[in-house]
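Notes to accompany the following structure.
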Amino acid sequence: MSNLAPTTTAEPCAADPARPTLQALPGRLTDLGGLAIRRLLPRSQRRLVGPWCFLDSYGPLTFSSGKPMDVAPHPHIGLQTVSWLLEGEVIHHDSLGLEGTATPGVLNLMTAGRGIAHAEETPAANVGRLRGVQLWVALPEASRAVAPAFASHDALPALELDGGAATVMVGQLGTARSPAQTFSPIVGAELRGTPGARLSLPLEQDFEHALVPLSGECTLDGEPLAVDTLYYLGCERRELVLAVGAQPLRALLLGGAPFGETILMWWNFVARTTEEIVAAREDWQEGRRFGEVRAYAGDRLPAPAFLARPVPRG
Ligand code: MN
């Protein structure tokens, strides 16, 4: 997916880890078109959770024709994209010539590294429903120039929990480790809670974590949690206990070691300097570096205007 709400200037993002806390950040509606999109990261109050630097939640949507998801070819650098669906399908095509369809339980993971372009669309064969999340993981300095890659993962580990279960998309949760390639200490999992149950799961105490309820209801420490709100939990928690309400709960757990580098985000790029962003933007506009997404029928997305400004040191 492409960042639909880019600013003309780059945004520095640095870790701001806290002790155990409960910081509620309701999703901000960024698109009023056919597909409602809520931006959950980055936010002015919270830019990173571990290496997680971007989160959009979209749907649920019912449709009978057309393609609610249709993002033309666009470039990425310095990050991994995580496409995860609760309902429906999204097909990915990239400039490596690779293809993969994300469906519930099937992770699409793209490593941009030094540069890749991709397109994402609703395929012609679809169930007429769409609900999902798009996440980005910042690559650390040592890995951010790796060769681009893409993989679909359809055999992710499940972790049975008191009161429910978890599917581990990336990283490790308890004893379950995802086969997906990652580059820094991280966890990303979908939690499912049984109505009326007390759902408890182990957390890595050196990580900072966030919880995003996606459907159903639950409370944490007696406080009701809202869907499509990012709850930053801080570091140093060893477990998470949720009281599931009358409806089944589905939620996203994100975490990782506090990211030790300040990143610079603009459009679909994660960089360190303004010069890198300018170079990547020019390479995209001039048809260099990123290659062509030949499987997509249509024009590619032009880069928005970029206004280079001095970047505060952080
Ligand atoms: Mn994208």
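The values are calculated or read from the model by the stated rules, or taken from the named source; none is laboratory data. From a predicted model like this one, the values you see are computed outputs, not experimental measurements. Backbone-built Cβ (ideal geometry, glycine too); neighbour counts: all protein chains shown. Note: areas computed on protein heavy atoms with side chains; ligands, DNA, RNA excluded. Shrake-Rupley method; radii C 1.70, N 1.55, O 1.52, S 1.80 Å.
Around the amide H of Thr9, modelled in the peptide plane, lie the amide H atoms of Leu307, all under 5 Å away and 5 or more residues distant in sequence or on another chain.
If the chain linking Val146 and Ala308 were pulled fully straight, counting 0.36 nm for each residue of separation and taking away their Cα-Cα distance, it would gain 55.7 nm.
Take the range 3-149 with all the other protein chains still there, run a 1.4 Å probe, and you get 35 Å² of accessible area per residue. Its relative contact order, with pairs defined as Cα atoms under 8 Å and 6+ residues apart, puts the chain at 24 percent. Entry note, the range 156-257: relative contact order of 31 percent, from Cα contacts under 8 Å with a spacing of 6+ residues. Thr273 contributes an accessible area of around 50 Å² to the protein surface, as traced by a 1.4 Å probe with all chains present. For the chain, the longest principal axis of the Cα atoms and the long axis of helix 274-285 meet at an angle of about 70 degrees.
The label point for Ala155 and the one for Thr30, both projected 7 Å from the Cα toward the Cβ, are 3.5 nm apart. Farthest towards the positive end of the charge dipole of the chain, among the residues Met265, Thr8, Ala176, is the Cα of Thr8, using unit charges on the Cβ of Lys, Arg, Asp and Glu.
Stretched out straight at 0.36 nm per residue, the stretch from Ala125 to Gln23 would grow longer than its current Cα-Cα span by 32.7 nm. What share of Cα pairs, in percent, lie more than 24 angstrom apart in the range 156-257? Summing the P(r) tail past 24 Å for the range 156-257 gives 14 percent. Taken over the chain, the convex hull of the Cα atoms encloses 122 Å³ per residue. Over the range 71-156, the hull volume per residue, using the convex hull of the C-alpha atoms, is 89 Å³. What the range 156-257 shows is 37 Å² of accessible area per residue, with the surface traced by a 1.4 Å probe over protein heavy atoms. Based on DSSP H segments of at least four residues, each scored -39500 (n - 2.57), the chain has a per-residue ellipticity at 222 nm of -1000 deg cm²/dmol.
Here the range 156-257 has 46 percent of its accessible surface on carbon and sulfur atoms, given a 1.4 Å probe and all protein chains in place. Heavy-atom accessible surface of Arg289, to the nearest 10 Å², is about 110 Å², with a 1.4 Å probe and all protein chains retained. Are there chymotrypsin sites (Phe, Trp or Tyr not before Pro) in the range 48-80 that DSSP marks as loop and that have at most 14 other Cβ atoms within 10 Å, and which are they? Sites meeting the loop and neighbour criteria: none at all. Using a probe of 1.4 angstrom, how much of the accessible area of the range 62-136 is carbon and sulfur, in percent? For the range 62-136, the apolar C and S fraction of the accessible surface comes to 51 percent.
Compute the signed sum of charges (Lys and Arg +1, Asp and Glu -1) over the other residues within less than 11 Å, Cβ to Cβ, of Gly255. Result for the neighbourhood of Gly255: -2. With a Förster radius of 41 Å applied to the C-beta separation of Asp16 and Asp70, the computed FRET efficiency comes to 0.70.
Per-residue accessible area (protein heavy atoms, 1.4 Å probe) orders Leu22, Leu109, Leu96 as Leu96, Leu22, Leu109, starting from the largest.
Between Thr229 and Arg288, the contour length at 0.36 nm per residue exceeds the Cα-Cα span by 17.4 nm. In terms of accessible area, using a 1.4 Å probe and ignoring ligands and nucleic acids, Arg129, Arg39, Arg19 rank largest first as Arg19, Arg129, Arg39.
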